[in-house]
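Q: One structure, pasted below without further comment.
The values are calculated or read from the model by the stated rules, or taken from the named source; none is laboratory data. Quick caveat, the model's predicted, so the values are computed rather than measured. Here the Cβ positions follow ideal geometry from the backbone for every residue, glycine too, while neighbour counts run over all protein chains shown. Protein only, heavy atoms only, side chains kept; ligands, DNA and RNA dropped before computing areas. Shrake-Rupley method; radii C 1.70, N 1.55, O 1.52, S 1.80 Å.
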Amino acid sequence: MAHTKVLFVCLGNICRSPLAEAAFRQAADSAGLDVAVDSAGTADYHVGQPPDPRSIEEAERNAIDIRHYRGRQLSEDDFHEFDFILGMDKSNMRDIARRDPGNGKAHVAMLLDIVPGHEGREVGDPYYGGADGFRRTWAEVEAGANALVAVLIDRNG
Ligand code: 4NP
C-alpha cells in the first residue's frame, strides 16, 4: 500500500495536533496502513517543547506515550513533503493558507471536514480550559483519524 505522509497542524503544536498525530498513528497502525505522521504549529511559541501536560495525560489515558514529541513550526517545505495537511480550526486554515507556496502536492483540509456529518466543524482550542476539554479534543481527533484511515483505504483500494 502506498506510503502516505500526513501532517496535523494547530496553533501551538502542544495541545491538539500532537493528539491528532497520536490518534492517527494508532488508527493507521491498527488498519495496517503504511504512513508517516507528524504535527506542527502555525506559530513558533512552543518550538522544541514537549506537548502540554494535559495532552500527555489524555494520550496516556488512551495508552499512548507522546512525551517525546517536540513542537515545531509549519514550513513551506511541508507543502511539498506531505500528502495531507490537516488543520484543526478555521483560524489554522487561514494561517496554513498564508504559508502555502501554492506549488506543493499536499491536500489541505480542516480535519473534521473529512468526518461525515461533521463538515465545517472545528476542533476547538482546549488550551484555556480544563481536562474535560482535552477529552473532547481526543474524541474529535480520533473521529478525524478514523475517517482519514477510511479515506486512505478507499483511495488505495
Ligand atoms: P494548540 O493549543 O494550538 O492546540 O497547541 C494552544 C497552545 C498554546 C497556545 C495556544 C493554543 N498559546 O497561545 O501559547
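Q: Give the range 99-120 a look and list any residue that's in contact with a strand residue (DSSP E or B) (Cβ under 6 Å, 6 or more places away or on another chain) and either open to solvent by 40 Å² or more (accessible area, probe 1.4 Å) or assigned to a loop (DSSP other than H, G, I, E, B) (or both), or say none.
A: Within the range 99-120, Ala106, His107, Val108 qualify.
Q: Identify the single condition in (1) over 14 Å from Gln26 (Cβ atoms); (2) within 16 Å of the chain's Cα centre (by Cα) that Trp138 does not satisfy, given that it satisfies every other one.
A: Among (1) over 14 Å from Gln26 (Cβ atoms); (2) within 16 Å of the chain's Cα centre (by Cα), Trp138 violates only (1).
Q: Follow-up question, since we're still on this one. If you take the residues of the range 15-33 that are assigned to a loop (DSSP other than H, G, I, E, B) and within 14 Å of Val149 (Cβ to Cβ), which of them is most open to solvent (accessible area, probe 1.4 Å)?
A: Checking each candidate, the answer is Gly32.
Q: Would you check if there is a residue in the range 41-60 being open to solvent by less than 50 Å² (accessible area, probe 1.4 Å), closer than 13 Å to Asn13 by Cα and among the polar types (S, T, N, Q)?
A: For the range 41-60, residues open to solvent by less than 50 Å² (accessible area, probe 1.4 Å), closer than 13 Å to Asn13 by Cα and among the polar types (S, T, N, Q): present.
Q: Considering only residues that are part of a strand (DSSP E or B) and within 12 Å of the ligand (Cβ to nearest atom), which ones fall in the range 34-66?
A: Scanning the range 34-66 gives Ser39, Ala40, Gly41.
Q: Has the range 71-82 got any residue that is open to solvent by 50 Å² or more (accessible area, probe 1.4 Å), under 19 Å from Glu142 (Cβ atoms) and more than 11 Å from the ligand (Cβ to nearest atom)?
A: No, the conditions are met nowhere in the range 71-82.
Q: So, one more: Scanning for something open to solvent by less than 30 Å² (accessible area, probe 1.4 Å) and either touching a strand residue (DSSP E or B) at 6+ places or on another chain (Cβ under 6 Å) or free of Cβ contacts under 8 Å to residues at least 40 places away in the same chain (or both), does the range 121-132 turn up at least one residue?
A: Applying the first criterion (open to solvent by less than 30 Å² (accessible area, probe 1.4 Å)) to the range 121-132 yields 123, 126.
From the residues that got through so far, the ones that are either touching a strand residue (DSSP E or B) at 6+ places or on another chain (Cβ under 6 Å) or free of Cβ contacts under 8 Å to residues at least 40 places away in the same chain (or both) too are none.
Looking for residues that are open to solvent by less than 30 Å² (accessible area, probe 1.4 Å) and either touching a strand residue (DSSP E or B) at 6+ places or on another chain (Cβ under 6 Å) or free of Cβ contacts under 8 Å to residues at least 40 places away in the same chain (or both), one finds none in the range 121-132, hence no.
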